[in-house]
1. Quick one: grab Rg to one decimal and Dmax as a whole number for segment 83-188, Cα atoms only, in Å.
2. Please get the size of the charge dipole for the chain, origin at its Cα centre, with Cβ charges of +1 on Lys and Arg and -1 on Asp and Glu, quoted in debye to the nearest 20.
3. Are there GluC sites (Glu not before Pro) in segment 35-126 that DSSP marks as loop and that have at most 13 other Cβ atoms within 10 Å, and which are they?
4. Give me the percent of the accessible area of segment 56-188 that comes from carbon and sulfur atoms, probe 1.4 Å, all protein chains in place.
5. Largest first, what is the accessible-area ranking of 110, 63 with a 1.4 Å probe?
6. Taking θ = phi - 60°, what integer Hz values does the Karplus form 6.51 cos²θ - 1.76 cosθ + 1.60 yield along segment 46-52, in sequence order, with x for Gly and Pro?
7. For segment 59-102, what percent of Cα pairs sit more than 16 Å apart?
8. Under a crude label model (7 Å from the Cα following the beta-carbon direction), how far is residue 39 from residue 11 in nanometres?
Amino acid sequence: MKNIVVLVSGSGTNLQRIIDTIEAGEIQNAKVDLVVADRECFGLERAKNHNIKNILIPRGKNFSSELVNVIPQDTDLIVLAGFLSILKPEFCENWNGKIINIHPALLPKFGGKGMWGMNVHNAVIEAKEVESGATVHFVTPGIDEGEAILQKSFEVTAEDTPETVAQKVHQIEYEIFPLAINKVLGNK
């Protein structure tokens, strides 16, 4: 059984999707062993609702060192699911190839510092992009610079708003996140 640690900052809808796909057998031979949040959020409640160990480590200068201390050594994969804190380079290097993130755009476009949530969707609309989507990628010391594992796109129409783009991206995230997790864990 592969052990997954999920890091969250918000409502935890992608965490819920991961839990649901594990329970449905879409992600095989895996379990969410631990959920860590960097702020009070509903993601912690979702973990509690599924009897998953969960820990709140408030953002701050000691966040990375405290995170190192709570992640079990037998962790096979760390999944950032709506996690907004930046991980220290040493942490990324220590878990190289075992940390993935989902980003609400087609990287390398609209990635980097400040590019999260509605900031991304506003930038997509302002740039008059004809497509957007989501990317699951490996986490490296450079923000949103890790190798893409899976991407999926959709057409951005003249009628789209940042809000409609956000809805479309979220649907794609639900679709590709479990597939990417299976791929990284070596599942078929």
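1. Considering segment 83-188 through its Cα atoms, Rg and Dmax are 13.9, 44 Å.
2. Values: 18 positive and 24 negative charges, 93 e Å.
About 440 debye.
3. Details: sites: 40, 45, 66, 90, 93, 126; in loops: 40.
Those satisfying the criteria are 40.
4. On the way: 3640 of 6930 Å².
Roughly 52 percent, rounded to a whole number.
5. Working: 110 45, 63 10 Å².
Descending order: 110, 63.
6. 4, 4, 4, 4, 10, 6, 9
7. Values: 326 of 946 pairs.
That fraction is 34 percent.
8. It is 1.5 nm.
The values are calculated or read from the model by the stated rules, or taken from the named source; none is laboratory data. Since this is a predicted model, take the numbers as computed values, not measurements. Neighbour counts are summed over all protein chains in view; Cβ atoms, including those assigned to glycine, are modelled from backbone coordinates with ideal geometry. When the accessible area is computed, the model is the full protein with side chains, heavy atoms only, and any ligands, DNA or RNA have been set aside. Shrake-Rupley method; radii C 1.70, N 1.55, O 1.52, S 1.80 Å.
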